[in-house]
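Reading through the structure tokens given below for one structure.
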Amino acid sequence: DVDIETLLKRMTLEEKVAQLNLWPNLAELLKHKSIADDIALTLQQITNGVGAIEYDSKLPVEDFVTFHTAVQQFLIEKTRLGIPALFDGEACHGFVGTNATVFPVPLTLASTWDPVLVERAFNAVALEMRSYGITHAATPVLDLAREPRFGRFDELYSEDPYLTAAIAVAAIRGLQGRNRVIDGEHLLACAKHFTGHGQPEGGSNMASADFSERVIREMHCYPFEMAVKQANVRTVMASYN
């Protein structure tokens, strides 16, 4: 075993930059000439390693696992440092995969006011994602639902920071489990997207969001704070800057 500080000292600049790379050649991969071609294309791009890959989880699980296994085996056995990649998948209200379970949209999940039920639902999501080899879930969305013109409104839990936080904590616990070490039936969760992202001016995705510091701290940051303090969320996107 190598600790992070020791590993960083051993890494070249190219290897460090490679760990910041996400979804290499995703557009090309989604053309799906063949699984073999997708594997060959990917391996050409990750000789220095890679941070994360998002492959098409709508493929049959056998095809996805073939791709996943080949890539991870290459990274572990053929790159200098042997660092495996994170495999990312979408799971806003259920895993976006073949024959996966579709749960109600986040607004409806939060309307249950039932964190226990939500945690059970995302336990099921975690199991389905891990069956593909996915290790990182791009969810939950912690933005506040305060701009109904926002085109991604149905990804949000609530306009209320307390309810949003409570449901998000439950979702994270369902995905990651409640133990310090994430086991083979759970995976990393990501608190996203950004503070204020869900209330952009004019409702346009990624438009500017004009708030006072007090509103940002007391309202928009609160769900992210609880995701870290109560659920130990492992990855976070929490600021525009």
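Round to the nearest 10 and give me the degree value, 0 to 90, for the angle of helix 161-176's Cα axis relative to the longest principal axis of the chain.
On a 0 to 90 degree scale, this one is about 30.
How large is the accessible surface per residue of the chain, computed with a 1.4 Å probe and reported in Å² as a whole number?
In whole numbers, the chain has 52 Å² accessible per residue.
Sorted by accessible area (1.4 Å probe), largest first, how do Cys190, Cys221 line up?
Cys221, Cys190
Report relative contact order for the chain in percent, whole number only (criteria: Cα-Cα under 8 Å, sequence separation at least 6).
About 16 percent, as a whole number.
Let me cross-check Ile182: its accessible surface, 1.4 Å probe, with only protein heavy atoms counted, in Å² to the nearest 10?
Rounded to the nearest 10, the figure is 40 Å².
Do any trypsin sites (Lys or Arg not before Pro) in the range 134-222 lie in a DSSP loop with no more than 11 other beta carbon atoms within 10 Å, and if so, which? Numbers along the way, then the final one.
On the way: sites: Arg146, Arg149, Arg152, Arg173, Arg178, Arg180, Lys192, Arg214, Arg217; in loops: Arg146, Arg149, Arg152, Arg178, Arg180.
Filter output for the range 134-222: Arg149, Arg178, Arg180.
What chymotrypsin sites (Phe, Trp or Tyr not before Pro) in the range 162-222 are in a loop by DSSP, with at most 13 other Cβ atoms within 10 Å of the Cβ? Don't jump to the answer; show the numbers that get you there.
Values: sites: Tyr162, Phe194, Phe211; in loops: Phe194, Phe211.
Answer by residue number: Phe211.
Ordering Arg120, Arg80 by how much accessible area each has at a 1.4 Å probe, largest first, what is the list?
My answer, sorted largest first, is Arg120, Arg80.
Compute the distance from the alpha-carbon center of the range 90-127 to that of the range 170-211, in whole Å.
Between the Cα centre of the range 90-127 and that of the range 170-211, the gap is 14 Å.
Which value, in Å² and to the nearest 10, is the accessible area of Val141 when all protein chains are kept and the probe is 1.4 Å?
0 Å²
Leaving ligands, DNA and RNA out of it, work out the accessible area of Tyr157 with a 1.4 Å probe and give it in Å² to the nearest 10.
Roll a 1.4 Å probe over it and Tyr157 shows about 10 Å².
Relative to the longest principal Cα axis of the chain, at what angle does helix 115-132 sit, 0 to 90 degrees, rounded to 10?
Its long axis makes an angle of about 20 degrees.
Taking 8 Å as the Cα distance limit and 6 or more residues as the minimum spacing, I'd like the relative contact order of the range 1-133 as a percentage.
On the way: 141 pairs, mean separation 28.4, N = 133.
In percent, rounded to a whole number, it is 21.
Per the Debye formula with a single identical scatterer at each Cα and no solvent contribution, what log10 I(q)/I(0) holds for the range 1-135 at q = 0.11, 0.15, 0.17, 0.21 Å⁻¹?
Normalising to I(0) and taking log10 leaves -0.49, -0.79, -0.92, -1.16.
Give me the lysines in straight-line cross-link reach of Lys31: C-alpha distance below 19 Å, same-chain residues under 8 apart excluded.
Partners found: Lys58.
Can you give the net charge of the other residues whose Cβ lies under 13 Å from the Cβ of Phe150, counting K and R as +1 and D and E as -1?
Cβ neighbours under 13 Å give a net charge of -3.
Would you please give the FRET efficiency between Ala124 and Thr235, computed as 1/(1 + (r/R0)^6) with r the Cβ-Cβ distance and R0 = 25 Å, to the nearest 0.05? Before the final figure, lay out the partial values.
Values: r = 21 Å, r/R0 = 0.84.
It comes to 0.75.
Around Asp38, what is the net charge, scoring Lys/Arg as +1 and Asp/Glu as -1 over all other residues with Cβ under 15 Å from its Cβ? Write down the numbers at each step before the final one.
Numbers: positive: Lys31, Lys33, Lys58; negative: Glu28, Asp37, Glu54, Asp56, Glu62, Asp63.
Taking every other residue near Asp38 into account, the sum is -3.
The values are calculated or read from the model by the stated rules, or taken from the named source; none is laboratory data. Please read these numbers as outputs of a predicted model, since none were measured by experiment. Cβ atoms come from the backbone with ideal geometry, glycine included; neighbour counts cover every protein chain shown. For accessibility, only protein heavy atoms count, side chains too; no ligands or nucleic acids. Shrake-Rupley method; radii C 1.70, N 1.55, O 1.52, S 1.80 Å.
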